[in-house]
Each structure stands twice: as structure tokens, then as C-alpha cells.
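Written out below as C-alpha cells is the structure these notes cover.
The values are calculated or read from the model by the stated rules, or taken from the named source; none is laboratory data. Treat the numbers as computed from the prediction; the structure is a model and nothing was measured. Note: ideal-geometry Cβ built from the backbone for every residue, glycine included; neighbour counts use all protein chains shown. We work out accessible area using only protein heavy atoms, side chains counted, and drop any ligands, DNA or RNA first. Shrake-Rupley method; radii C 1.70, N 1.55, O 1.52, S 1.80 Å.
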There are 2 protein chains.
Amino acid sequence: MPKEATIINNNRLIKLLKQNGLSITDSRKKILQLFLEQDGALSHGDIEKRAGEKFDRVTVYRTLQVFVDKGIVHTIPTADNSIRYALCKDECGEGHHHDHHIHFVCDTCNTTYCLDDVVTPEIKLPKGYSAGHVEVVVEGVCKNCQ
Amino acid sequence: MPKEATIINNNRLIKLLKQNGLSITDSRKKILQLFLEQDGALSHGDIEKRAGEKFDRVTVYRTLQVFVDKGIVHTIPTADNSIRYALCKDECGEGHHHDHHIHFVCDTCNTTYCLDDVVTPEIKLPKGYSAGHVEVVVEGVCKNCQ
DNA sequence: TAGAAAAAAGCAACATTGTTGCAAAAGATA
DNA sequence: TATCTTTTGCAACAATGTTGCTTTTTTCTA
Ligand SMILES: [Mn+2]
Ligand SMILES: [Mn+2]
Ligand SMILES: [Zn+2]
Ligand SMILES: [Zn+2]
């Protein structure tokens, strides 16, 4: 008999997937769970490792792509050429993300955080340029590594 | 007989390399030239293409690494998992970059610009986090694509 | 300016990461 | 449960990045 926490969690996963019009599959549940139980962001590699030997690499790629498309997770660019993914907490949906927070990468533990309370600043661009999305990534030392 | 412009350019390249304590080689001159005659930033792939069939892929990787180490070029993180490189115009040197400008990626032509006159904004972080470098990438439509 | 020493380039082999088409398996629907 | 639809796994492939070693080029000094 599974533990209470597991049941709740499983229901939450199913609800989230259904809300986004996705069919319920083991890989989607597992990967979504990884995001829910995680403070920071995850790279493709992290997910491959933590999802265990259970899923094919291709499935992870496709699942992440679906999650991004649906507005369930957003991507975070980093300097080391490895995209990180994190849960969207804002009202993102299919085809439009509205993540206006900044990101923080710890030099020490290498964790990537969404700083949901820090709003992206206004940037005054030179004449001729028009801004769409603004991405801010701060690198430094995080709360756990001071 | 080479043209005047070529000679000057060649001297400039040599000077720049010497200033940074690098020996003068064909690949370094060629790749540095690509940056000098380029408005936007270049990806590894761009450089491989434009440097022609003349150099080995490995040489391009190693040359870019040397340029970054020496503070001749800096890297720009992008959302599509392909690092761009651009000339440092600030006083960067071996082991320390001081690029405090923001970057702009055009949705239309996909060019990446260093906006040298737009200074990185101050970011107020939550308690416990200390900031090192701040990276701002704005995505939108550039001056040539309006 | 020739020759020795040092540095860089090229090459080959390999590792990692990402993509695509297709058949099998699993999920949704009625 | 049967049928239709979607997703997965697999295989093959492409692109990107890394490493060790040999050859070539550059630098340095006599
Ligand atoms: Mn985020
Ligand atoms: Mn720049
Ligand atoms: Zn940390
Ligand atoms: Zn443009």
C-alpha cells in the first residue's frame, strides 16, 4: 500500500498534466515529479540521471519539449551551454510564457534558482531596437553556500 | 601585392595578438579578423564556416578558448544552447572580464549584438544571495529589421 | 639568419549531445 | 473490452565537443 504523500503527489501530477491537456504517462509523471520536489532548475542531464535508467533519452527530450510548449516549464540560458529547465510559477500557457523573474546561478554549488520575487528590470534600449523578452541571469553565491 | 587595407589590418591583428602575449599564427589572425570585421557576435559554427575549410575544428575550439582566457572575446549565453562569442571592448585581461554591457538577440535576423552603451542594471537580490556577475540578454527586433 | 626549443595545428579516435523515422506499447475514448 | 490515438523505445544518424599524440610552425638565441 503506497504512502499518503505518494498518493497526493500522484494525484497532483495527474491533475497538472490533465490541466494542460496531456495524456498521463509514466515518464511525464516522473519528470514532472522531479521538478516538483526540486528547489532549483534541472538540466537535461540531471533529469536523465534522476529519472534513472527507466526512460529512453529521446523520451526525456520529447517530454521536456512538450512541457516547454505547454508552459509547464521554462528554459534558463546559462554560460556553459547547458539549458536548465524550471517549473513555471506564473500564468504560462500553451504558446506564451510570462516568466518575468530573474535567475541565479551559484558559483559554489552550481544550483540554478528562479528568484520569483525579483522582477526583471526595465532596460532602455538604443534607438531602433525594440524589446521583447528580457532574460537576467545573476551569478554569485547562494543562500546555502555563504 | 596586398592592398593597403589588408596590410593595416594585418598589422592590427599582429599587434592585438602580441599585446596579449600570444604567438602569431594563421588561425588566430583569421579568427580575430572575423571578429573585427563583424558587427554582431559569432558562434563556433559561424566561425567554422567563415574561416573556410582552412582550419581544423579542433583549432577553432582551442583558439576560441585562448581568446576567452586572455580576455580578447567574451561569451554570450543564449536560449538555444549555442554560445556566441564577441570582442571585448572593455578593459578585459587574462583571468578577468569586465564586460558590463547587455546583449541583444534579434528575433528576425538572429544576430546577437553587444550593446556597449547599455549598462547592466543593479539587481536587488533576496537576503542570503550575493551577486557576482550579472548577465542580461534582451530578445526583440534589431535596428536593421524594424 | 640558421638551428634549437617551444608552441600550436592537424589528425584520429572517441565521448557526449541532440534528431529522426518507424514499429511496438500504452493511454484515451466510447 | 475493442478501437483509435498518442507516446515510447529503438536504431541509426548527425552534430558538437574532447583528448593524446605527431607534425608543423613560430619564437628565440647564438
Ligand atoms: Mn525561472
Ligand atoms: Mn558583449
Ligand atoms: Zn550554492
Ligand atoms: Zn535583426
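The table below lists the values:
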quantity	calculated
Loop sites in the range A:1-89: trypsin sites (Lys or Arg not before Pro), DSSP, at most 10 other Cβ within 10 Å	A:Lys3
Highest-MSF residue in chain B out of B:Gly40, B:Gly93, B:Gly21 [GNM, Cα springs under 10 Å]	B:Gly21
Nearest-first distances (nm) between copies at B:Lys15, label 7 Å from Cα via Cβ	6.8
Shielding by partners, peptide B:71-84 (average Cβ within 10 angstrom, other chains)	3
Amide H within-cut-off set for A:Glu135, under 5 Å, with H built and near neighbours excluded	B:Val137, B:Val138, B:Glu139
J(HN,Hα) series, the range B:102-112, from Karplus relation 6.51 cos²θ - 1.76 cosθ + 1.60, nearest Hz, glycine and proline x	9, 10, 10, 10, 7, 5, 7, 9, 6, 6, 10
Cβ-vector label at 7 Å, A:Val119, separations to other copies in nm	2.3
Residue-by-residue Karplus 3J(HN,Hα) for the range A:74-84, coefficients 6.51, -1.76, 1.60, Hz, glycine and proline x	10, 9, 10, x, 10, 6, 9, 6, 9, 4, 9
Dipole in debye (nearest 20) - the range A:8-146, about Cα centre, beta carbon charges: Lys, Arg +1; Asp, Glu -1	480 debye
Percent RCO, i.e. relative contact order, over chain A, from Cα pairs under 8 Å lying at least 6 residues apart	17 percent
Cβ charges +1 (Lys, Arg) and -1 (Asp, Glu), total dipole of the protein assembly as shown, debye	600 debye
Sparse-neighbour loop sites [GluC sites (Glu not before Pro); the range B:32-86; at most 10 other C-beta within 10 Å; DSSP]	B:Glu37
Potential lengthening between A:Lys54 and A:Glu122 on full extension [0.36 nm per residue; Cα-Cα distance subtracted]	20.1 nm
Cβ-vector label at 7 Å, B:Ala79, separations to other copies in nm	2.2
Most mobile of A:Leu125, A:Leu36, A:Leu16 in a GNM of chain A (Cα contacts under 10 Å)	A:Leu125
Helical mean residue ellipticity (222 nm; -39500 (n - 2.57) per DSSP H run of 4+; nearest 500) of chain A	-10000 deg cm²/dmol
Accessible area of B:His101 in the full protein assembly, 1.4 Å probe (Å², nearest 10)	10 Å²
